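The structure appears below as structure tokens.
The values are calculated or read from the model by the stated rules, or taken from the named source; none is laboratory data. Because the structure is a prediction, the values reported are computed rather than measured. For neighbour counting, all protein chains shown are included, and Cβ atoms are generated from backbone atoms with ideal geometry for every residue, glycine included.
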Amino acid sequence: MTGSPRNAGALVLFSGGQDSATCLAWALDRFDRVETLGFDYGQRHRVELDCRGTLRERMAALDPRWAARLGPDHTLDLGVLGAMSETSLTREVEIGLREDGLPDTFVPGRNLLFLTFAAALGFRRGLDHVVGGMCETDYSGYPDCRDDTIKALQVALNLGMAKQFVLHTPLMWLDKAETWALAQRLGGAALVDLIVAESHTCYLGTRGELHDWGHGCGSCPACRLRAHGHARYREALTLDGRMPAAG
């Protein structure tokens, strides 16, 4: 969904990465009250959680309307998810493919749990809109990122909690170049520069050198995807002032 009641409240799944930072800007542009939620599940790239505070603070400074709308931040400990998962996102093992062809960065049940806990928190906080960065374009085949999965979960959450939650996935049909373009339209070059400098997406948790596209090892699937998308986005900027189309 794209249209939302202006006086409604939203809870954004905010990991500290590029996608979730763009989703936070998207929500701040649409809702009068926006809160954020992060999860500590023993992820290998836990450094992303350390990026969240700076991103929130500096995003609020970009626009006085955003500052007025940005509410509290929440972090939930889901260590049990990491403890029961044997994936390259929760173990110090080489990133590769599973026997079924899925990347072993897939953490089974992760997004299902994230959205369920978000809805439970939203229930208590009076926030009926939940925003997540799930994407079926650049999603590596993760089944819990599919549009059908999110729609089915929305139905289940509303039945199980007797509420009318709306699960928003503004990046669902965007590739990474289009996600960069969306950030540009929402917050201009200042937001793009902020996401480059302060967000974290690298699966290995490497900060290190600041590349044109952000911090990271430069070789894991997340870094390669982000770098490729940023290059295409920058290329489009130089072609007659065109921006990549973004849904």
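Assorted remarks:
- Selection status of Thr149, in a helix (DSSP H, G or I) and within 30 Å of Ala67 (Cα to Cα): no
- Test for Arg30: is it crowded, with 16+ Cβ neighbours inside 10 Å and either touching a Pro at 6+ places or on another chain (Cβ under 6 Å) or not in a loop (DSSP other than H, G, I, E, B) (or both): no
- Looking only at the range 138-180, and only at residues there that are of a type in the set (Lys, Arg) and either in contact (Cβ under 8 Å) with a residue 24 or more places away in the chain or surrounded by 14 or more Cβ atoms within 10 Å (Cβ to Cβ) (or both), the one that is nearest to Gln18 (Cα to Cα): Lys176
- Among the residues making up the range 223-233, a single one is closer than 15 Å to Gly16 by Cα and without any contact (Cβ under 8 Å) to a residue 60 or more places away in the chain: Cys223.
- Scanning the range 157-208 for residues that are within 16 Å of Val130 (Cβ to Cβ) and either part of a helix (DSSP H, G or I) or of a type in the set (Val, Ile, Thr) (or both) turns up Leu157, Asn158, Leu159, Gly160, Met161, Val166, Thr169.
- Residue in the range 38-56 that is of a type in the set (Asp, Glu), touching a Lys or Arg at 6+ places or on another chain (Cβ under 8 Å) and at pLDDT 95 or above present: no
- Neighbours by Cβ (under 8 Å, 6+ apart or cross-chain): first from the range 190-216, touching a residue at least 12 places away in the same chain (Cβ under 8 Å); second crowded, with 22+ Cβ neighbours inside 10 Å and among the basic types (Lys, Arg): Thr201/Arg226; Trp213/Arg226; Gly214/Arg226; Gly216/Arg226
- Only one entry in Thr201, Thr238 is surrounded by fewer than 19 Cβ atoms within 10 Å (Cβ to Cβ), at pLDDT below 90 and either out of contact with any strand residue (DSSP E or B) (no Cβ under 6 Å at 6 or more places or on another chain) or aliphatic (A, V, I, L, M) (or both), namely Thr238.
- Tally of residues being on the phi > 0 side of the Ramachandran plot and not hydrophobic (A, V, I, L, M, F, W, C) across the range 159-202: 1
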